[in-house]
1. State whether the residues of segment 4-20 include one that is among the aliphatic types (A, V, I, L, M), open to solvent by 30 Å² or more (accessible area, probe 1.4 Å) and at pLDDT below 85.
2. For the condition under 12 Å from the mean Cα position of the chain (by Cα) and either over 14 Å from Val16 (Cβ atoms) or among the small types (Gly, Ala, Ser) (or both), what is the one hit in Ser89, Ser57, Ser83?
3. Just to be sure before I move on: is Gly63 modelled with pLDDT under 90 and in contact with a strand residue (DSSP E or B) (Cβ under 7 Å, 6 or more places away or on another chain) in the structure I sent?
4. Which residue pairs have Cβ atoms under 6 Å apart, sit 6 or more places apart or on different chains, and have a first residue in segment 24-41 that is at pLDDT 90 or above and a second that is of a type in the set (D, E, K, R) and crowded, with 22+ Cβ neighbours inside 10 Å?
5. Might you check whether a residue that is among the aliphatic types (A, V, I, L, M), open to solvent by 50 Å² or more (accessible area, probe 1.4 Å) and assigned to a loop (DSSP other than H, G, I, E, B) occurs anywhere in segment 37-46?
6. Of the residues that sit in segment 49-64 and are of a type outside the set (A, V, I, L, M, F, W, C) and touching a residue at least 40 places away in the same chain (Cβ under 8 Å), which one is surrounded by the fewest Cβ atoms within 10 Å (Cβ to Cβ)?
Amino acid sequence: MESSWQRRGAWTGGTVSTVALSPNFATDHLALAATAAGVYRSTDSGATWSLSTAGLSDLQVVGLAFVEQSSPQPQQAFIATGSGRLFRSNDGG
């Protein structure tokens, strides 16, 4: 069986540096993408994306990760910025 890639999203802000899937991706379909314009968020397995920058004072996001599934807050995520700042979200961005 041949696999193929499909383009998802047009990023205002340039290159996507990191993508992270929620520990509960199979049920919540939540994904985050780090860009120089901030974090993009998808709640439909990557079919559509929206910019999620509320509370971010530094938009140059260079890394992101979700906390493991056994966490009391299963959609808790952290992002790192190019200027060395760290931000946390308790609702998946």
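1. yes
2. Residue meeting the stated conditions: Ser89.
3. Values: modelled with pLDDT under 90: no; in contact with a strand residue (DSSP E or B) (Cβ under 7 Å, 6 or more places away or on another chain): yes.
Against the criterion (modelled with pLDDT under 90 and in contact with a strand residue (DSSP E or B) (Cβ under 7 Å, 6 or more places away or on another chain)), Gly63 does not qualify.
4. The qualifying pairs do not exist here.
5. No.
6. Here the answer is Gly63.
The values are calculated or read from the model by the stated rules, or taken from the named source; none is laboratory data. Everything numeric in this text was worked out from a predicted model, so none of it was measured. Every residue, glycine as well, gets a Cβ built from its backbone with ideal geometry; the counts of neighbours run over all protein chains shown. Ligands, DNA and RNA are stripped out before the accessible areas are found, and what is left, the full protein with its side chains, is counted by its heavy atoms. Shrake-Rupley method; radii C 1.70, N 1.55, O 1.52, S 1.80 Å.
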